[in-house]
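Reviewing the structure listed below.
The values are calculated or read from the model by the stated rules, or taken from the named source; none is laboratory data. Keep in mind that what you see is a predicted model, and the values were worked out from it rather than measured. With ideal geometry, Cβ positions are generated from the backbone for all residues, glycine too; neighbour counts draw on all protein chains shown. SASA here: full protein model, heavy atoms, side chains in, ligands and nucleic acids out. Shrake-Rupley method; radii C 1.70, N 1.55, O 1.52, S 1.80 Å.
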Amino acid sequence: MALSSEEIQQKIAAKFPDSTSEFMQIHDILTLTVDAGSIVEIIRFLKEDPTLRFNFLTDICGVHFPDNSDDKKFSVVYHMHNWLDNVRIRVKVFLTDTPVIDSMTSLFMSANWMERETYDFYGIDFKGHPQLKRILNMDSMVSFPMRKEFPMEDGGRTDKDDRFFGRTTDNI
Amino acid sequence: MSNLLLTPEVRFAEIIKEHKNIDGSEFSILNLGPTHPATHGIFQNILLMDGERIVDGEGTVGYIHRAFEKIAENRPFYQITTLTDRMNYCSSPINNMGWWLTVEKVLGVEVPKRAQYMRVIVMELARIADHIICNSVLAVDTGALTGFLYVFQFREKIYEIYEEICGARLTTNMGRIGGFERDWSDEVWKKIETFMADFPAVWTEFENLLTRNRIFMDRTINVGAIDAEKAMSYGFTGPNLRACGVDYDIRVAQPYSSYEDFEFDIPVGESGDTYDRFCVRNAEVRESMKIIRQAIDKLPEGSYTADVPEYHLPPKEDVYNTMEGLIYHFKIVMGEIPVPVTEVYLPVEGGNGELGFYLVTDGSRTPYRLHFRRPCFIYYQAFNDMVKGEMLSDAIVTLSSLNVIAGELDA
Amino acid sequence: MSDSKIKQVEAPEGYAGEGFFATKLSDVVGMARSNSMWPLPFATSCCGIEFMATMASHYDLARFGSERMSFSPRQADMLLVMGTIAKKMAPILRQVYEQMAEPKWVIAVGACASSGGIFDTYSVLQGIDKVIPVDVYVPGCPPRPEQILDGILRLQDIVKTESVRRRSSPEYQQLLASYNIE
């Protein structure tokens, strides 16, 4: 008998009633929002519980919402996959303007570089990560490029005349 | 002990100062630098060597970071295939079709069966092309150049098929929302039939050169092995995971684009070493050929694209001659198309494993956030763990067999 | 022999006689250099795969003299930069160029190497001519193997007509100085 979304929702809400909320079925993946403080226990529960058995961490990524309220500026999204019952789940954590969250490297070894990439792009601090330094950008970079306020193009380029592209220095 | 935040050269230099072997020799640092004939792509590995044996290593990636995810936030949906092309550039149609499937899931577009079968044919051709490169270049790294020159000729034939379909050889930018941009001419079908007639014998010859070749077997058996538990923890998917014995394939687990209509096996290995990865890829090429054969034989009648004028650019005759064509063309290019606000994660089976697209839309014509779950990036973390204690030449062969493509690694 | 389809290089202009052939030294040196250019394939991304196709048997590069792909900069004549060069990679490209022995030439293959290509971002170098002097630019994304061959043949034309004293001329020294290369 396949694992249904209602079952998963019931089990998680029963075990963690205070730190989980907003269970939604978006297309075919059950999505839930979790408090930052209890994320490691919840992911461990998802991984080790004998009925839930989410044995594979598919992806970790970050999203920046500059227009949200102050306690939801950043979000870290975990996608997990249960290979035995073929069910996916998405766990979202919302963080403040100075985002700090616990690292998942103790549970899954693939989280290492995925968290480094999220740190590199958004500046989200993963506590307990063994090697949290930049991975894709240059080590000497100071800003976090995927944040919405950071421009895509290099500011110092000399070969493109922005006047022909409808841009001046005022409306970058 | 050692501070992992320091650069590897500094960290290893400290270890060298502290450690002394019994016979008085010291460790040394080797820079398997970004430009190296044997690393196919640019990524650096600083290795701590005890003579010829690797004690520890640390990789540096990002030498071809082109900020795809940042660019994707500024481009409308139909311009993102130019980015997905350049991720795993050896099998770009798979990336493109994965992207179109993601967008179609968001917009709720139903693709006709014929277009789905055509997509399957193109994706399987791309998978064959990817495995051709990986296996022949693995052979080159062990010294066997003939296989590479011989099999690359058939990669040219696949390029010719792509050229007939969409005009480009490598970075194909193929497909549109709802199907393809134009119907396939008879020339395409003829070329595919010729390819299907000629290629199996050639692939058998390539396998005969290497699969029971004593030198190749000695160089690849028990080299770079990884067990299934560790591989799953490191996020392995695709042929690298199937070589460890786990038969996880997204085409079977979560079929997309009518894969459930086709019968094919999933080849698995046993020990997860280089030889198993080589054999799994060889077998996958044969399975892909089976799928293409079934798709051509069972191809249903129908249109090459879905009837979604609000997302699919109308043909130029309609744009210039009918009012509706003109309006739809204007709306699509100016971005007045209805896009729901939602988020979607769609995985496809890429040449290297689970290629996932996490798309968050906000109603405008550009994505709010697009994240690529790139298999190469995730399983490359395991490389330094896999080669601890191996000889340097074995590490090179392991790296080749992992099929790390720099475009997908850094994105 | 005479009805073979292979087109051979023509002898330079000169005066032939019984057992001798007199011509200019620069012509002979130019002919020898241009028909034996050993490339250093600096392949970073998609253009590298098109280069592999150029090197393979269908579009064979070896028939134009580039038989041996030298991966060591010290033994290479021309640097083929194929693919996007990110800012993280630029110092390494510079190092490889400086290690090459004179005479050396550079071909920028592809749009990304010529000008940054479609990647107008904070992390991509907008053209390798910001760090090293380039002789031939081959546009395309990726360029077809015929275009890459055309680029190499144009470079051969440049090499054939280059003066043997070019490397010590003040213009060349100025060019290198503008890139801060000694």
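What to note about this one:
- With both residues required to sit in the protein assembly as shown, DSSP beta bridges show an antiparallel share near 70%.
- Equivalent-ellipsoid semi-axes of chain A, from the Cα gyration tensor, Å, largest first: 36, 18, 15
- Note on chain A: GNM, Cα springs under 10 Å; of A:HIS129, A:HIS27, A:HIS81, the largest mean-square fluctuation is that of A:HIS27.
- Accessible area per residue (1.4 Å probe, heavy atoms of protein chains only) ranks C:ARG165, A:ARG44 as C:ARG165, A:ARG44, with the largest value leading.
- For chain C, diffusion coefficient by Stokes-Einstein and Kirkwood Rh (Cα), 25 °C, 0.890 mPa s, µm²/s: 140 µm²/s
- 0 to 90° range, to nearest 10: angle between helix B:113-141 axis and chain B longest Cα axis: 20 degrees
- The residue among C:VAL109, C:HIS58, C:TYR179 whose Cα reaches farthest toward the positive pole of the charge dipole of chain C, with charges on the beta-carbon of Lys, Arg, Asp and Glu, is C:TYR179.
- Computed label-point distance, nm, for sites C:GLN8 and B:SER271 using a 7 Å Cα→Cβ extension: 5.5 nm
- Segment A:1-134 - charge dipole about Cα centre, Lys and Arg +1 at Cβ, Asp and Glu -1, debye rounded to 20: 340 debye
- The eigenvalues of the Cα gyration tensor, multiplied by 5 and square-rooted, give chain B an equivalent ellipsoid with semi-axes of 41, 26, 17 Å from largest to smallest.
- Accessible carbon and sulfur surface of chain B relative to its total accessible area, %, 1.4 Å: 53 percent
- Degrees between helix B:392-401 axis and first principal axis of chain B (Cα, 0 to 90, nearest 10): 10 degrees
- For segment B:1-141, the fraction of alpha-carbon pairs lying more than 22 Å apart is 60 percent, rounded to a whole number.
- For the chain pair C and B, buried accessible area totals roughly 2700 Å², probe 1.4 Å, rounded to the nearest 100.
- Of every Cα-Cα pair in the protein assembly as shown, the percent that sits beyond 46 Å: 23 percent
- With R₀ fixed at 25 Å, the C-beta to C-beta distance from B:PHE330 to A:LYS148 puts the FRET efficiency at about 0.30.
- Estimated buried accessible area (total), pair C and A, 1.4 Å, Å² to nearest 100: 900 Å²
- Accessible-area value, B:GLU324, 1.4 Å probe, nucleic acids and ligands omitted, Å²: 110 Å²
- Comparing the full protein assembly with the isolated chain, the residues of segment C:112-136 losing at least 30 square angstrom of accessible surface (1.4 Å probe) are C:ILE118, C:PHE119, C:ASP120, C:THR121, C:TYR122, C:SER123, C:GLN126, C:LYS130.
- Accessible surface of segment C:1-41 [probe 1.4 Å, protein heavy atoms]: carbon and sulfur percent: 57 percent
- Of B:LYS190/B:LYS331; A:LYS127/A:LYS148; A:LYS160/C:LYS88; A:LYS72/C:LYS88; A:LYS133/C:LYS88; B:LYS157/C:LYS87, pairs whose Cα-Cα distance is over 26 Å: B:LYS190/B:LYS331; A:LYS72/C:LYS88; B:LYS157/C:LYS87
- For the pair B:GLU18 and C:PHE71, label points projected 7 Å from Cα toward Cβ lie 3.4 nm apart.
- Spin-label model, A:GLN25 to B:THR146: label points 7 Å out along the Cα-to-beta-carbon direction sit 5.9 nm apart.
- Three-way shape call for segment C:111-182 based on the alpha-carbon gyration tensor, with the a/c threshold at 1.5: oblate
- Segment B:16-67 versus segment A:36-72: alpha-carbon centroid distance in Å: 34 Å
- Of all accessible heavy-atom area on segment A:74-115, the percent that carbon and sulfur account for (1.4 Å): 52 percent
- Extension reserve of the B:ASP227-B:LEU5 stretch, reckoned as 0.36 nm per residue once the Cα distance is removed: 77.1 nm
- Geometric extent, Cα atoms of segment C:41-140 - Rg, Dmax (angstrom): 13.1, 40
- DSSP bridge pairs, segment A:1-142: antiparallel proportion in percent, nearest 5: 75 percent
- Stretchable slack from A:ASP67 to A:GLN131, in nm (0.36 nm times residue separation minus alpha-carbon distance): 19.9 nm
- Working note: Debye formula, equal point scatterers on the alpha-carbon atoms of segment A:1-65, no solvent; log10 I(q)/I(0) at q = 0.20 Å⁻¹ is -0.91.
- Estimated FRET transfer efficiency when R0 is 22 angstrom, pair B:GLN79-B:ASP362 (beta carbons, to 0.05): 0.80
- Length available on full extension from B:SER185 to B:ALA253: 0.36 nm per residue minus the Cα-Cα distance, which gives 21.2 nm.
- Selected from C:CYS141, C:CYS47, C:CYS112 as most flexible by GNM, with chain C as the system and alpha-carbon contacts under 10 Å: C:CYS141
- With respect to chain C, whose longest principal axis is taken over its alpha-carbon atoms, helix C:145-160 is tilted by about 60°.
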